[in-house]
1. Compute the Rg/Rh shape ratio of the chain: radius of gyration over Kirkwood radius, all on alpha-carbon atoms.
2. Per-residue counts of other Cβ atoms within 10 Å, averaged by peptide: what ranking do you get for 12-23, 82-93, 56-67, 35-46, highest first?
3. Once you order the gyration tensor axes a ≥ b ≥ c over the Cα atoms, which shape class does the range 50-93 get: rounded for a/c under 1.5, otherwise prolate or oblate by comparing a/b with b/c?
4. Calculated from DSSP H runs of 4 or more alone, at -39500 (n - 2.57) each and per residue, what is the 222 nm mean residue ellipticity of the chain, nearest 500?
Amino acid sequence: MDLSVDLGGLRLINPVIAASGTFGYGLEYSSLVDLNGLGAFSTKGLSLKPKIGNPVPRVIETSSGMLNSIGLENIGIDAFLTEKLTQLKKIDT
């Protein structure tokens, strides 16, 4: 069955896209999910310099759901380019 989709000129093998933030940089889930089977994924947000994010607690339960305030913790663009992107380029997604 062909599940491919065209997303503004970008052809994806299927419409399943792992969300930014919840999927980290993608590589963290490679032992659980065949990343090549995804249509796409968005890596977590990046900043120019690394950010440690907000202090804990970062997530709290409320009577109507959950609140989070991670603070955009990330490794920074230089570390992303050298540590993550080289590995991500090997994935056929």
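Since every read-out is calculated from the coordinates, none of them should be taken as a lab result. It should be emphasised that the depicted structure is a prediction, and the values quoted were computed from it without experimental measurement. Every residue, glycine as well, gets a Cβ built from its backbone with ideal geometry; the counts of neighbours run over all protein chains shown.
1. On the way: Rg = 15.8 Å, Rh = 15.1 Å.
Result for the chain is an Rg/Rh of 1.04.
2. 35-46, 12-23, 82-93, 56-67
3. oblate
4. Helix-only estimate at 222 nm: -500 deg cm²/dmol.
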